Structures are given as structure tokens and as C-alpha cells.
Amino acid sequence: MAEKDVRILAIESSCDETAAAVVRNGREVLSNVISSQIELHKLYGGVVPEIASRKHIEKINQVIEEALLVAGVTLDDLDAVAVTYGPGLVGALLVGVAEAKAISYAKGLPLVGVHHIEGHISANYIENKELEPPFICLVVSGGHTHLVRVADYGVYEILGRTRDDAAGEAFDKVARAIGLGYPGGPKIDRLSREGNAEAIPFPKAKIADAPYDFSFSGLKSAVLNYLNGCQMKGIEVNRADVAASFQKAVCDVLVEHAMLAVKESGLDCLAIAGGVASNGTLRASMEQACAKNGIRFFRPSPILCTDNAAMIGAAGYYEFKKGVRSGLDLNAVPNLKLGER
């Protein structure tokens, strides 16, 4: 007898996207609705937590209604509700968690709390039906840079992490310094296409006792020092060259560490995840390195790299199948570590 389909309503509100999705059996997306606040936060040069929380409250019911409508289902057709409960902005997370708990209580549906980073990793399952653990995953987003060994669904070993700035943070800070504004990642990616990536030899940090760990604060400082030096000497700055050289320094380190982790793990499979994984240069560099080293390479479409609820539905499905259930006392955990519950 065929197993019954499992339909999960997923909710994501950890930062500045209000998102809802309906996902069937962990890999089939019936709907994926995202309401972005980027235009709102551009005015302030970054995400303002209080404004983000208020906007989530305004949008969350509309986004869920649209996700159900597009999927052609009602709340009565669902098997569970999955929601991001950390890490993220505490006020933003609370909106999604409160909404999920209300639906769970009103409809008697199982509630599954999902780790945001686990969601990013699980985005790879949606478009790559053949991908199954174990594999190495590089998670690069605004707040996180992690190298993770995915031993099984929901079972993670963190091999390396950033010691200071995450890659996405460095992109945002450098973008601001060269006058590009927020959000920095996509703007640097676009501008760098017009520049020479070899123009400025920015440093690439290596941590002696931790070959998989990352550090981007030194690189960020080197860019700021270069810009200040040019200003003091009256030298005109070629912003495209700065963007391209900075981006190359970041991507080179990410690729080197990922290749090392895959080779030393004895696996032949690498996936990337998170907002920065939509960066064109990183995707191309990683693809090239994997082809050269005989490594199978997986990456989600750019829309599934940025924050979305479909990835939470994918992660939630595998937690649900393992019997993970959250109580109505589920709370937002802004600094939740991967692998914790």
C-alpha cells in the first residue's frame, strides 16, 4: 500500500521576508509565497528589527491565505504546520511562531519547530530529487557561514564556522563603504561583472588550528583601509574593481575550504545553501572546482537560496517523519545553534 501523502504548511519570518508555503512529501512545492520588505529597509541601510516585526504582523495572514489558495488546499487538508523558531530576529520569529501555534491549536494539527539553517540546507532536496545524505553543505547567508557534514536528515556535524563576520555581513558592509547601499550582496555581484577581480590583492584569512573555519573581518578592514588610503592620496577609486577583487577573495576562501572538507570527509558530494549561495561568481567558482575534482555539486535556484518557506516545509517534513513534535510552549530562540532542539 502506498504511503499517504504528507502536506505541510510552512511559515518563515526570521528576518525581513514573510513567507508561507505548502509542501508535499518534503520535496514537492505546491506553493511558495514570499512578501519581501527590502524596499522598506533600504531607507535605513539595513534591517530594522522593530519595523520588520510590525510588517510581519500586517502580512502573515495574507501570505498564508495566498499559499493555501495557490496550492489548492484548505487548512483541513494539511497534516502538520512547520515554522522557523530560530535563529533570527526575536520579534520577527515570534510572529511566525505565534501564527503557527494558533493554526496548530485551532485545527488540531501537529506543530514542528524548524531550525532556519536546517531549512536552508533542505532547500537542496526540493529541486534535486536524487540528493540524499550524507554530503557536505556550505551554508553562506547574512548571519551564518558554516561548513556542515549532513550525516542524515536532521543530523548535522559542524566542521567549520566563521570566527567573526559572516560572508553576507561582509558583503553588506563593503557595499555600504563603496556607496552601493542595501542589500549589499546582489549589488556587489552585479557591479563586479564590470571590474577586474585581479586588480587589488585583498587578503584571504586562514586559521592555523582550524582549517575549516572562516574569518572575514580582516578582509573587510583591508577594503576599508584601501578606500581610506585612496581618499587620503586623492586617488580615484574604481568601485567595480574593488567589488570584483573583494568578491573574489571571499569566493576563493569559501571554495578552498569546501573542497578541503569534501576531500577529507571521503564523500563526493557538495551542496551550497543560504542567501550568498545565489551569488553568480560563487556558484560558477564552486561548479568549476567540483567538476575539476570529480565532486557532485548541488545548488538550489536563487529564489530558494534566499529566505523562503518551501525550505522550511522540506526540513519540517523530515523532522515530522522522525516523530519530532513541538508543544504549544514553542518559543522563538534567536541564537539557536544547529543541531539543538
Does Asp172 fit the bill of being within 19 Å of Asp16 (Cα to Cα) and either of a type in the set (Asp, Glu) or not assigned by TED's automatic domain parsing to the domain that holds Gly274 (or both)? yes
Under 9 Å between Cβ atoms, which residue pairs at least 6 apart in sequence (or on different chains) link something in region 1-26 that is free of Cβ contacts under 8 Å to residues at least 24 places away in the same chain with a partner that is crowded, with 24+ Cβ neighbours inside 10 Å and not hydroxyl-bearing (Ser, Thr, Tyr)? Arg24/Ile8; Arg24/Gly313
Please identify the pairs in which a residue from region 33-50 that is in the same structural domain as Cys15 (by TED's automatic domain parsing) has its Cβ atom under 7 Å from the Cβ atom of a residue that is among the hydroxyl-bearing types (Ser, Thr, Tyr) and in a loop (DSSP other than H, G, I, E, B), counting only partners at least 6 apart or on another chain. His41/Tyr182; Lys42/Tyr182; Gly45/Tyr182; Gly46/Tyr182
Just to check your reading of the model, which residue among Ser221, Ser245 is among the hydroxyl-bearing types (Ser, Thr, Tyr), assigned to a helix (DSSP H, G or I), more than 19 Å from His144 (Cβ to Cβ) and in contact with a Gly (Cβ under 9 Å, 6 or more places away or on another chain)? Ser245
Please tell me if Ala243 is within 16 Å of Ile188 (Cα to Cα), buried (at least 19 other Cβ atoms within 10 Å of the Cβ) and either at pLDDT below 95 or aromatic (Phe, Trp, Tyr) (or both). no
Taking the criterion of being touching a Pro at 6+ places or on another chain (Cβ under 8 Å), surrounded by 22 or more Cβ atoms within 10 Å (Cβ to Cβ) and at pLDDT 95 or above, would at least one residue in region 97-114 satisfy it? yes
Residue that is modelled with the lowest pLDDT [pool: residues in region 291-302 that are in contact with a helix residue (DSSP H, G or I) (Cβ under 8 Å, 6 or more places away or on another chain) and assigned to a helix (DSSP H, G or I)]: Pro302
Please tell me if Ala199 is over 27 Å from Pro300 (Cβ atoms), in contact with a Ser or Thr (Cβ under 7 Å, 6 or more places away or on another chain) and among the hydrophobic types (A, V, I, L, M, F, W, C). yes
Confirm whether Glu319 is of a type in the set (Asp, Glu), assigned to a helix (DSSP H, G or I), surrounded by fewer than 17 Cβ atoms within 10 Å (Cβ to Cβ) and at negative phi. no
Could you say whether any residue in region 27-47 is crowded, with 23+ Cβ neighbours inside 10 Å and modelled with pLDDT under 95? no
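The values are calculated or read from the model by the stated rules, or taken from the named source; none is laboratory data. Since the model is a prediction, treat every value here as computed from it, not as a measurement. Heads up, the Cβs are rebuilt from the backbone with ideal geometry, glycines too, and the neighbour counts pull from every protein chain shown.
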